[in-house]
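Worksheet for the structure shown next.
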Amino acid sequence: MKTNTLQTWLLGLALAAGPVGAGAALAQTAETEPADGAIAEAPAVPETPVEIEPPATNAVPPVAPEPEEPAEPEPPAKPSKPAPVYRGADMKEAFKGADSSRFGVSGRVNKMPAKKSARKEKGSWKRVLEAGVSTASGNKNLLRYDGAASAAKETEANYVYLEAAGRYGESDNETDAANATGEAKYQHKLTERTYAALDGYAKHDQIADLAYRLRGSLSLGRRFVWTERAVLSAELGPGYVSEKKGGDKEGFFAGRVGQYLEILISDNLQLWQSAEFVQNLEDNAVYFVNAEIGLETVLMGNLNLRFSVEDAYDSQPAEGKEGNDLTTKTALVWKF
C-alpha cells in the first residue's frame with residue numbers, strides 16, 4: 001500500500017514539473033527573439049585592410065641618364081668648289097672619236113667636249129662646223145678663209161667619219177692659197193685596243209700645182225695608251241695612190257704608217273699631235289710626210305677655239321714648186 005502511494009506521488013510530481021519547464025522555456029525564448037517585423041542585426045565586424053603584393057619581376061628599375069656634356073662647336077664648313085663642267089673621267093665617252101688628223105687620217109681620237117646637256121647618245125650623228133678668217137693690211141695685204149665640216153657616227157663596234165675642208169687666201173691681191181681636202185674613214189673594233197680601218201683621202205692644191213691626189217688604204221691599228229687623260233695610238237697598212245701633179249699622172253702602191261697623240265691638259269684644254277708617212281713601194285725616192293699639232297679650248301657651250309700648225313712635205317714636188325708647205329690656222333668650232 002505504501003509502495004503504490006509513493007509511485008503515485010512521484011508521477012504527479014513529474015507531470016507538474018512538465019508545464020513549468022515548458023513555460024520557462026517559452027519565457028526565455030521571448031526575451032532573446034526580436035519583435036514582430038524586425039530583423040536582428042549582427043554586430044559589425046571591423047574589416048582588416050588586405051595588402052596586395054606587387055607581382056614579382058626581373059626587370060631592372062630604370063636608371064636616370066647621366067647629363068650629356070655639351071658638344072664642342074664644329075668649325076664652319078668651307079664653301080665647296082663648283083664641280084667642273086667637263087671632267088677627264090668623261091673622256092672616253094665625251095671625247096672619243098676616230099684616230100685621225102687633217103692629212104688623210106680622219107678626225108681625232110678625242111674631241112673637245114660640249115656641255116653635258118648637249119651631248120648626244122652613242123650611235124647618233126655628231127656634226128662639227130669650223131670657220132676661220134685672218135686678215136692683215138699695211139705693208140702687206142693678207143686675207144685668209146678657212147672652213148671645214150665633219151660628221152661622225154659611233155656604235156659599240158664601228159665608227160664612221162666624214163670630213164670636207166678648204167682654204168683660200170690672197171696676199172697683195174694675188175691668190176696664194178687655194179686647196180681642198182676630203183676624207184672618209186671606217187673603223188671596226190677587233191679588241192678593246194685593236195681595230196681595223198679602211199679610209200680614203202682626196203686633196204687638191206692649186207698653188208702646189210696638184211690637180212688631185214687620191215689615196216685609199218687598209219690599216220691595222222692599236223692604242224698603246226688609252227687613259228682618261230692621254231691617248232697614244234698607231235696604225236700600219238698598205239694602200240694605193242693616184243695623182244696628177246704638174247700635168248703628169250701617176251699611180252703606185254704605197255705603204256702607210258700613222259701615229260697619233262692626244263693629251264687632256266685640263267678639263268677644257270686639249271693638245272693633239274699626229275704624223276703620217278706614205279712611201280711609194282715601187283720607188284723609194286717618192287714619199288710624203290704630213291704632220292699636225294694643235295690646241296683646242298672650250299669657250300662656252302658648244303663653241304670651241306682651235307689653233308693648229310700643219311706641215312706637208314712632198315719628196316718630189318711639181319717642177320718649180322717647193323716641197324714643203326707650212327700653214328697655221330685659228331678657227332672657231334661649233335659642235336651640234
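Read-outs: derived from the displayed coordinates by stated rules, not from any lab. In this text the structure is predicted, and so the values were computed from the model without any measurement. Cβ atoms come from the backbone with ideal geometry, glycine included; neighbour counts cover every protein chain shown.
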* Structure fact -> Taking Cα pairs closer than 8 Å and at least 6 residues apart, the relative contact order of segment 88-335 in percent is 15
* **At R0 = 30 Å, FRET efficiency that the Cβ-Cβ distance of A149 and S124 yields, to 0.05** => 0.95
* Considering amide H positions built from the backbone, and no H for Pro or chain starts, which residues 5 or more places from K321, or on another chain, come under 5 Å of its amide H? -> none
* Between Y212 and F336, what is the label-to-label distance in nm when each label sits 7 Å out along the Cα-to-Cβ direction? -> 3.2
* **Estimated FRET transfer efficiency (L190, A230; beta-carbon r; R0 25 Å; 0.05)** => 0.70
* Nonlocal amide H pairs with I207, under 5 Å, H built at 1.01 Å -> A178
* Using the Cβ atoms and a cut-off under 14 Å, what net charge is assigned to the surroundings of F277, where Lys and Arg are +1 and Asp and Glu are -1? -> -3
* **Rounded FRET efficiency, nearest 0.05, which uses the C-beta distance separating E282 from S171 and R0 of 51 Å** => 0.85
* **For segment 189-227 and segment 239-303, distance of Cα centres in Å** => 8
